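Accompanying notes for the structure given below.
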Amino acid sequence: MRSSFIATTGLKLARSPSLREQAARRRAVALGALLGLAATGAAFGILTAPQGASEGASSTGPFSYFPSE
């Protein structure tokens with residue numbers, strides 16, 4: 001049998017997160033933002049890389065500025 005003193009209407013009280021839970025949530029958000037930024041940077045690098053850069057067929061040596069002839 002339900003008690004007549006139980007509130008059935010109106011606002012319910014909710015437990016607020018503890019400081020430890022808030023800190024864990026902040027760390028998770030920061031880690032997610034960092035991973036998202038890294039993924040965005042990697043995707044941007046892949047999409048903007050010059051064609052043939054992965055083949056290693058460059059016309060300049062490792063210490064030269066002008067193309068070798």
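The numbers here are math on the coordinates, done by the rules we state, and not lab data. Just so it is clear, the model here is predicted, and its values are computed rather than measured. Here the Cβ positions follow ideal geometry from the backbone for every residue, glycine too, while neighbour counts run over all protein chains shown.
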>> Expected output is a single nm value to one decimal: the length gained when fully extending between Phe5 and Val29, i.e. 0.36 nm times separation in residues minus the C-alpha distance. What is it?
In response: 4.5 nm
> Between Leu47 and Arg15, how many nm apart are label points set 7 Å from Cα along the C-beta direction?
Replying inline: 4.4
